[in-house]
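Have a look at the structure below, then the notes.
Any read-out appearing in this document is the output of simple, stated calculations on the displayed coordinates, not a laboratory observation. All figures in this text were calculated on a predicted structure; none of them were measured in a lab. Here the Cβ positions follow ideal geometry from the backbone for every residue, glycine too, while neighbour counts run over all protein chains shown.
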Amino acid sequence: MLFRRSLAIALTLPGVGCSATVSATSGDAEPRLTTSAIVVVERMVDSAGASRAEASARFVRVAAPASTEEAFRAIGAALVLPASGHCVSLAALSGTSLVGEPAPVVELLDVGSVSLNADGRETHLASRLLPDVTDVVSGVVYARTADPGLLPADSRYTVRVAGGSDLPPFEVLASAPADPSNVLTDGATVGGTLVVSGPSLSFSWPPGADSDVVYVDLQPGAQRCVLAGEAAAGDPLVRASIQTALLGDSGTLVVHRVRSGALVSQGLEGGELRFDFGRSQSYVRR
């Protein structure tokens, strides 16, 4: 029987808000195993207007006391963000995992075919056996680099999993956000390059989709900033800013819009379906 679930998208901190509840074991009892899933759809538009898209899915089994969050970090699938309104170096964010704790042993399950359907067009993810070279992660990963038209923004998605011996079949529905093309900056654009001046760089975008998180990656400097947008009374736009002291003399801004929600189905104790859509913009400081 195909289990159908509707995925409610709510404001969550991606990669953090979907830990499974596990119970400790005692004596010589076998450790309790938990199964979680993460499905990620990514789109990126560069400063020249070229776009690319990719989808991936991983079905993770770990033993208690490891959590879903730890397992997602172990396989590089967690998106770690600073608090809203703050900028943090990517190096510092990568160090927020549990220091000194051993990485959990992760098994990536074979769940049969995995596909995404958007606007009536279906994309099948290719499965690949991941060799266990670290004694930490092994199993099957699902991924597909696709024509961006197959993984559109601002669309309804259906994720279908055929299932296998370790997980029953299921289907979930979700709405993807718009591309962040309407997240605008206040600097002048000359020949495709943003010219930045003054002590701060302002961003603005139309209100709505309050569950989406807008963040910016800055290169060079490897900083990540989560924009804390606020809409003043009578202002038709949500506005936020970052300090230009974080920018180099020239580089790239990558603006992301993320929508993340819990992936819920029979057989899963935790999970996340995440849309991460971005656009890059070259800049110079004056």
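Would you compute the Debye intensity of region 213-286 from its alpha-carbon atoms alone, equal scatterers and no solvent, and pass along log10 I(q)/I(0) at q = 0.17, 0.22, 0.24 Å⁻¹ to two decimals?
Each listed q corresponds, in turn, to -0.78, -1.00, -1.08.
What is the dipole size for region 155-251, taken about its Cα centre, with +1 at each Lys and Arg Cβ and -1 at each Asp and Glu Cβ, in debye to the nearest 20?
On the way: 4 positive and 10 negative charges, 20 e Å.
It comes to approximately 100 debye.
Mind putting a number on the dipole of region 231-286 about its Cα centre? Charges go on the C-beta only, +1 for Lys and Arg and -1 for Asp and Glu, and I need it in Debye to the nearest 20.
With only Lys, Arg, Asp and Glu charged at Cβ, the dipole is about 280 debye.
Using R₀ = 35 Å, calculate the FRET efficiency as 1/(1 + (r/R₀)^6) where r is the Cβ-Cβ separation of residue 154 and residue 233; round to 0.05. Write down the numbers at each step before the final one.
Numbers: r = 28 Å, r/R0 = 0.79.
So, using R0 = 35 Å, E works out to roughly 0.80.
Is there a quick way to get the dipole size of the chain? I mean about its Cα centre, with the Cβ of Lys and Arg at +1 and of Asp and Glu at -1; what is the value in debye to the nearest 20?
520 debye
Over the chain, what number does the Rg to Rh ratio reach, with both radii from the alpha-carbon atoms and Rh per Kirkwood?
Looking at the chain, the ratio lands at 1.00.
Ignoring everything except DSSP H segments at least 4 long, calculate the 222 nm mean residue ellipticity for the chain; use -39,500 (n - 2.57) per segment, divide by total residues, nearest 500.
Helix contribution divided over all residues of the chain: -1000 deg cm²/dmol.
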